[in-house]
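The values are calculated or read from the model by the stated rules, or taken from the named source; none is laboratory data. All of these numbers come straight from a predicted model, not from anything done at the bench. Quick note on the areas: whole protein, heavy atoms, side chains included, nothing else; ligands and nucleic acids left out. Shrake-Rupley method; radii C 1.70, N 1.55, O 1.52, S 1.80 Å.
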Amino acid sequence: MGDALLALSIPVLVFACGIYAACESWWRRRRPAPPCPGRPGHRAARQAESAMLVDAEDVVDTAFAGLDGLYDTPEAPAAEAPDPRPPAADVRRRAAASRDSGRSAPAPRRRG
């Protein structure tokens, strides 16, 4: 009989732990912890992080200023030669692709 009580105590213990976890979760949702005003250590860490970001931005800006000449876009030729290849069937020619960095126009829908 002692072994049967011991074997049945394990599922009862697991069930009791589940009930306790559900009740504690419900209790914490109803009564959340008050907001922390910020401890001095956390505030100092945030200030150090923002100072590091400012320093990193200065390094990147300096690098871009120094390498700006390498990334100039070449001027487009005044008159481009037409494409000597004939277009494929069912393809209409369009103007050359734009050089801006915005979104491109959506592709036309296929029918059929």
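A few remarks follow.
The rows are residues; the columns are (1) modelled with pLDDT of 65 or more; (2) of a type outside the set (Lys, Arg).
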site	(1), (2)
12	yes, yes
26	yes, yes
29	yes, no
42	yes, yes
55	yes, yes
78	no, yes
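- Residue 65 open to solvent by less than 100 Å² (accessible area, probe 1.4 Å), at pLDDT 95 or above and small (Gly, Ala, Ser): no
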